Amino acid sequence: MENAKILIYDGSFNGFLTSVFKAFDQKWNVMDIQKDNGKQRELFSDTETIGTEIDLAKRVWHGIEKKSHETIKTVYFAYQSEAKGIEFILFRYIKQLFFSTSGTPLSFAEEDLPKIRHLAKLVGSEKRHMEAFVDMYQSKDSVYFAVIAPDYDVLPLISKHYRSKYRDQHWLVYDSKRGYGIYFEGYKVELITLDLGDYYKNPDFFSNISKNEGQGVKDISNGYLKNIDIQSHILPKPTASFSNKAYRPFFNERTAV
């Protein structure tokens, strides 16, 4: 009997979807799907390192999407929760979607689906909170700028909102907890990393601010952010643009930035 495999992927959603495709295509007995963190793997199990292939990821995405838009949204939002073991939970759920016959769900469906829906709901709630309550600051080079540290990885999910709200501005929303941001330069959104050096570590970074009521954003009157050129701190690493669709994940994600 073939040993159960642990699939190792690059930590991106596209990498996860590629792993799902490879597992189904090769008919592997999968015991877990894990991000590549360099740690020792389980004893008495085989590991398979999966390279991200966007075309294969798209095939899985479209296959789930055919079930319903709500289903793919639930899968994507639950993945962005970064909950422990979420990859294998979603793998089992997707396997059920594709391979169970009508009226005969796989045995683990009852426990998996409520958890997936609960996580997706939490992520959706934080997404809405970030869209409603995050304040933007203005840098020296007139880039509207916000630093967030959300519980869940919601940054890819709020891009559409900010593209619409600040469509005529250059803006950047940066997740300090995960070390990447989304930057809009007037016609496309890029995933970037940002080097703020000692600015962000300084306790006065967001001090001495006054609200600009006319524009609905906060402009820093004193402190570091007002006095730096945000664009000069964007690391010059190429990224691909977001799709115009709300939840489409096919871009070079932060692990490739």
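Structure notes:
- From S45, S81, residue being small (G, A, S), closer than 26 Å to E111 by Cα and modelled with pLDDT under 95: S45
- Applying the condition of being more than 17 Å from F99 (Cβ to Cβ) and either of a type in the set (G, A, S) or in a helix (DSSP H, G or I) (or both) to segment 1-30 and asking which residue is most open to solvent (accessible area, probe 1.4 Å) yields A4.
Every residue, every condition in (1) in contact with a strand residue (DSSP E or B) (Cβ under 6 Å, 6 or more places away or on another chain); (2) of a type outside the set (S, T, Y); (3) in contact (Cβ under 8 Å) with a residue 40 or more places away in the chain, yes or no:
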residue: G15; (1), (2), (3): yes, yes, yes
residue: F24; (1), (2), (3): no, yes, yes
residue: T47; (1), (2), (3): yes, no, yes
residue: E53; (1), (2), (3): no, yes, no
residue: L56; (1), (2), (3): no, yes, no
residue: S81; (1), (2), (3): no, no, yes
residue: K84; (1), (2), (3): no, yes, no
residue: F88; (1), (2), (3): yes, yes, yes
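- Of all residues making up segment 175-192, the number that are hydrophobic (A, V, I, L, M, F, W, C) and open to solvent by 40 Å² or more (accessible area, probe 1.4 Å): 0
- From V143, V134, residue being open to solvent by less than 30 Å² (accessible area, probe 1.4 Å), more than 12 Å from the chain's Cα centre (by Cα) and over 30 Å from T71 (Cβ atoms): V143
The values are calculated or read from the model by the stated rules, or taken from the named source; none is laboratory data. Nothing here was measured: the structure is a model prediction, and the numbers come from that model. Neighbour counts are summed over all protein chains in view; Cβ atoms, including those assigned to glycine, are modelled from backbone coordinates with ideal geometry. Just so you know, the surface numbers come from the protein's heavy atoms only, side chains and all, with ligands and any DNA or RNA stripped out. Shrake-Rupley method; radii C 1.70, N 1.55, O 1.52, S 1.80 Å.
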